[in-house]
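Reading through the structure tokens given below for one structure.
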Amino acid sequence: MSSKSISAASTEMAALLRLKDVSAGYGSFAALFGISLSVESGEAVGVVGPNGAGKTTLMRVISGLLPPTGGRIELEGDDLAGAPSYRIVAAGIAHVPENRRLFPRLTVEENLRMGAYLLQARKHFAERLDGVYGRFPRLKERRTQLAGTLSGGEQQMVAIGRALMSKPKLLLMDEPSAGLAPRVVDQVFDLVRGIRAEGLTVLIVEQNVRRVLEVVDRAYLLETGHIRLAGSAAELKENAFIRQSYLGL
């Protein structure tokens with residue numbers, strides 16, 4: 001299937017995040033091939049596709065955990081390709097990793113504190129902690145509980161809250177429904193809706209195509225390291241290939 005853009009109008013605007021011909025891999029193994037995408041301020045954008053498509057690699061490259069082998073990664077026009085993770089966090093990108101990656105033997109509040117390790121964030125720790133507890137009251141109730149003893153949905157709240165402690169311009173969410181029971185998946189996507197309602201800019205990668213298209217404005221289909229389709233969520237829902245291959249329709 002050849003690469004095709006269903007709707008290119010939004011890519012003409014000045015983007016908060018813009019990837020231009022980004023490639024990446026692990027040693028001799030190439031995982032991403034010339035990826036170009038954009039995220040506008042205030043948007044929720046999805047990257048969907050099967051397991052092994054390169055979605056997590058894409059997130060790792062954007063957040064500085066894996067250096068790209070080519071291309072540009074621009075945040076508000078500044079090229080961050082190959083920059084260290086701490087600089088990318090300071091620039092305004094926060095990453096909620098796949099499987100949450102909490103510190104299970106630390107308390108909820110100690111995990112949240114880890115998201116405010118940069119000097120600027122530490123200066124506003126109390127204010128931002130109040131903001132996270134206001135968004136997720138359940139975490140305030142459990143602030144002294146060990147993170148490893150929380151339910152899956154509560155752990156996802158902590159992971160999101162930890163990322164929000166740096167007050168990001170862009171929130172990266174990597175497979176937020178991975179490994180969760182259907183009831184908990186509902187809770188997680190309710191969290192995403194709440195974040196969206198507050199106007200936070202989000203880039204989310206997800207295998208659950210049906211669910212992610214319900215909460216994003218636009219999406220890209222990533223297969224074997226290539227962007228195959230791009231368009232609004234509504235357009236992708238109606239696309240024959242998406243419906244047959246990913247929605248079972």
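FYI, it's all coordinate maths here, none of it is from the lab. Quick caveat: nothing in here was measured; it's all calculated off a predicted structure. Glycine gets a Cβ as well: all are built from the backbone with ideal geometry, and neighbour counts include every protein chain shown.
The stretch between residue 126 and residue 79, if pulled fully straight at 0.36 nm per residue, gains 13.8 nm over its current Cα-Cα span.
Would you please classify the overall shape of the range 105-149 from the alpha carbon gyration tensor, given that a ≥ b ≥ c denote the square roots of the eigenvalues, rounded means a/c under 1.5, and beyond that prolate means a/b larger than b/c while oblate covers the rest? The partial results should precede the final answer.
On the way: a/c = 3.22, a/b = 1.39, b/c = 2.32.
In terms of gyration-tensor shape, oblate.
Between the amide H of residue 44 and those of 202, 217, 218, distances stay under 5 Å, these residues lying 5 or more places away or on another chain, with hydrogens modeled in the peptide plane.
With R₀ fixed at 45 Å, the C-beta to C-beta distance from residue 235 to residue 101 puts the FRET efficiency at about 0.85.
Does the range 171-228 come out rounded, prolate or oblate by the C-alpha gyration tensor, with a ≥ b ≥ c the root eigenvalues, rounded set by a/c under 1.5 and, if not, prolate when a/b is larger than b/c and oblate if not? Oblate shape, in that a/c is at least 1.5 and b/c is the bigger or equal ratio. With both labels modelled 7 Å from their Cα along Cα-to-Cβ, the residue 190 to residue 141 distance reads 1.2 nm. Reported to the nearest whole Å, the Cα centre-to-centre distance from the range 69-140 to the range 207-249 is 28. Would you mind classifying the range 72-186 by shape? Square roots of the alpha carbon gyration tensor eigenvalues, ordered a ≥ b ≥ c; an a/c under 1.5 is rounded, otherwise it is prolate if a/b is larger than b/c and oblate if not. Oblate, because a/c is 1.5 or more while a/b does not exceed b/c. Highest mean packing first, where packing is the average number of other Cβ atoms within 10 Å per residue, the peptides 54-60, 226-232 line up as 54-60, 226-232. Using only Cα atoms, find the angle between the long axis of helix 152-164 and the longest principal axis of the chain, and express it within 0 to 90 degrees, rounded to the nearest 10. Taking Cα atoms only, the helix is inclined about 90 degrees. Of the residues 172, 129, the one with the fewest other Cβ atoms within 10 Å heads the list, and the complete ranking is 129, 172. Amide H contacts for residue 223 (H built 1.01 Å from N in the peptide plane; partners 5 or more residues away or on another chain; cut-off under 5 Å): 228. Kirkwood radius, the range 198-249, all distinct C-alpha pairs, inverse of mean reciprocal distance: 11.5 Å. Phi-derived couplings, Karplus 6.51 cos²θ - 1.76 cosθ + 1.60 at θ = phi - 60°, listed residue by residue for the range 67-77: x, x, 9, x, x, 10, 10, 10, 10, 6, x Hz, with x used for Gly and Pro.
Taking 0.36 nm per residue of sequence separation and removing the Cα-Cα distance, the residue 207/residue 41 pair yields an extension gain of 57.4 nm. For the Cα atoms of the chain, what angle does the longest principal axis make with the long axis of helix 125-135, in degrees from 0 to 90, nearest 10? For helix 125-135, the angle is close to 70 degrees. Judged by the mean number of other Cβ atoms found within 10 Å, the most tightly packed of the peptides 155-166, 92-103 leads the ranking 155-166, 92-103. Shape index of the chain: Rg/Rh, with Rg the Cα radius of gyration and Rh the Kirkwood radius from the inverse mean 1/r over Cα pairs, equals 0.96.
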